[in-house]
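The values are calculated or read from the model by the stated rules, or taken from the named source; none is laboratory data. As the structure is a computational prediction, the values presented were derived from the model and not from experiment. Methodologically, a virtual Cβ is constructed for each residue, glycine included, from the backbone with ideal geometry; neighbour enumeration extends over all protein chains shown. When the accessible area is computed, the model is the full protein with side chains, heavy atoms only, and any ligands, DNA or RNA have been set aside. Shrake-Rupley method; radii C 1.70, N 1.55, O 1.52, S 1.80 Å.
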Amino acid sequence: MRCRKCGTIAVFNMRHHKLALCAEHYVDWFVDRAAYAIRKYNMFTPDERILVAVSGGKDSLALWDVLLQLGYQADGLYIDLGIDGGLAYSARSREKAQGFAAQRPEAQLVIVDIPERYGESIPEVAQRKRGGQRPCSVCGLIKRHAMNRAALEGGYNVLATGHNLDDEVATLFGNVLRWQIGYLLRQEPVLPADAEGLARKAKPFCRLYEQETAAYTLLRDIDYIDLECPFVEGATSLRHKATLTQLEHNSPGTKLHFYLSFLKAKQEGLFRAQEEAVPDLRPCEECGQLTTAPEVCAFCRLWVR
Ligand code: Q46
Ligand code: ZN
Ligand code: ZN
């Protein structure tokens, strides 16, 4: 297999794009694709400040790397969830984020330590509030709150996350299986700040396959944590990913087509009636972040003992 650009040996063949590229041209192609999504969906401009949520994993570090390469003012945000699971998961992923930042003096890493700030780790809050249940719903709630807060406190214009196409498609698939219109309405490459108290959110990798971000981190020699969070095991999203990967294998391009067709259908008014009936948001009496709850938001209720 030869590189389509220069004819040397290709390192990566993307069946879904019918495109094979050498290492050098692959890296350029990947950065271009991210830049294209940023422009196409008006995610942010070069004069805006970006806070990249980094987990220490490959997608988020690749995103931070790409944004710096494109010349954006991009700082990282690492949220320490206090997850150990016998693997020192949080401690090790934090080290990866710090290691990445240490090699790039032009970028800052903001760290929010949840156990230090709120007195309990994610598994501890989940145990107290949800009994033996998987901590992911509590974790998602806390991460969203901490990201918004860090973006607003630091004066960032936008919060960028490393969600890739596989993540987006698995979420979409799950939401379609249950026709969760509220979630489908909010699934977008970029969500506007819509009001004070919520930062704009952007996903520059939403059109890039997970395999593609993996190849990029490898070729750019980015050191990331190769472990998954110990609580991810058995998650429905993993089963959806496996199903979708099977469909993609049989028919390359299925994931991208599913995602882009969804965005197009929405733009053409698929959920117009529901868009007009979006519930009102009001500031939480405790923390000021926007919520649909009447007084205190779900995040603040977590800490009431
Ligand atoms: S970090 Fe948190 Fe994930 Fe771990 S506890 Fe669940 S939600 S699996 S992305
Ligand atoms: Zn080439
Ligand atoms: Zn609150």
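Scanning region 267-287 for residues that are within 16 Å of ligand 3 (Cβ to nearest atom), surrounded by 14 or more Cβ atoms within 10 Å (Cβ to Cβ) and free of Cβ contacts under 8 Å to residues at least 40 places away in the same chain returns 282, 284, 286.
Scanning region 172-193 for residues that are of a type in the set (Gly, Ala, Ser), closer than 26 Å to residue 289 by Cα and surrounded by 15 or more Cβ atoms within 10 Å (Cβ to Cβ) yields a total of 1.
All told, residue 219 meets the bar of being within 16 Å of ligand 2 (Cβ to nearest atom) and either open to solvent by 50 Å² or more (accessible area, probe 1.4 Å) or closer than 29 Å to residue 68 by Cβ (or both).
Applying the condition of being part of a helix (DSSP H, G or I) and under 19 Å from residue 33 (Cα atoms) to region 142-167 and asking which residue is least open to solvent (accessible area, probe 1.4 Å) yields 165. Condition check: at pLDDT 95 or above, over 19 Å from residue 92 (Cβ atoms) and open to solvent by 80 Å² or more (accessible area, probe 1.4 Å). Does residue 240 satisfy that? No. Starting from region 145-159, keep only residues that are on the phi < 0 side of the Ramachandran plot, then list their pairs with residues that are polar (S, T, N, Q) and open to solvent by less than 50 Å² (accessible area, probe 1.4 Å) whose Cβ atoms are within a distance under 9 Å, requiring at least 6 positions of separation or different chains. As it stands, the answer is 145/289; 147/161; 148/289; 149/289; 152/289; 159/148, since those pairs meet every condition given.
Hey, any hits in region 133-141 for a residue that's of a type in the set (A, V, I, L, M, F, W, C), in contact with a Cys (Cβ under 9 Å, 6 or more places away or on another chain) and open to solvent by less than 10 Å² (accessible area, probe 1.4 Å)? The answer is no, given that none of the residues of region 133-141 is of a type in the set (A, V, I, L, M, F, W, C), in contact with a Cys (Cβ under 9 Å, 6 or more places away or on another chain) and open to solvent by less than 10 Å² (accessible area, probe 1.4 Å).
Do we have any residue at all in region 222-240 that's more than 21 Å from the chain's Cα centre (by Cα) and of a type in the set (Gly, Ala, Ser)? Looking through region 222-240, none of the residues is more than 21 Å from the chain's Cα centre (by Cα) and of a type in the set (Gly, Ala, Ser).
If the condition is being modelled with pLDDT of 90 or more, of a type in the set (A, V, I, L, M) and more than 16 Å from ligand 1 (Cβ to nearest atom), then region 271-305 contributes 293, 296.
Selection of strands (runs of 3 or more DSSP E) fully inside region 1-118 by the criterion of at least 1 residues being open to solvent by less than 30 Å² (accessible area, probe 1.4 Å) and farther than 18 Å from residue 146 by Cα returns 12-14, 19-21.
Taken over region 39-79, the criterion of being touching a residue at least 24 places away in the same chain (Cβ under 8 Å) and of a type in the set (Val, Ile, Thr) is satisfied by 50, 52, 54, 66, 79. Looking at residue 252, is it open to solvent by 40 Å² or more (accessible area, probe 1.4 Å) and either of a type in the set (Ser, Thr, Tyr) or within 16 Å of ligand 3 (Cβ to nearest atom) (or both)? Here the answer is no, as residue 252 does not meet what is asked. For residue 36, the criteria (1) out of contact with any Asp or Glu (no Cβ under 6 Å at 6 or more places or on another chain); (2) closer than 30 Å to residue 137 by Cβ; (3) of a type outside the set (Lys, Arg) hold in every case but one, which is (2).
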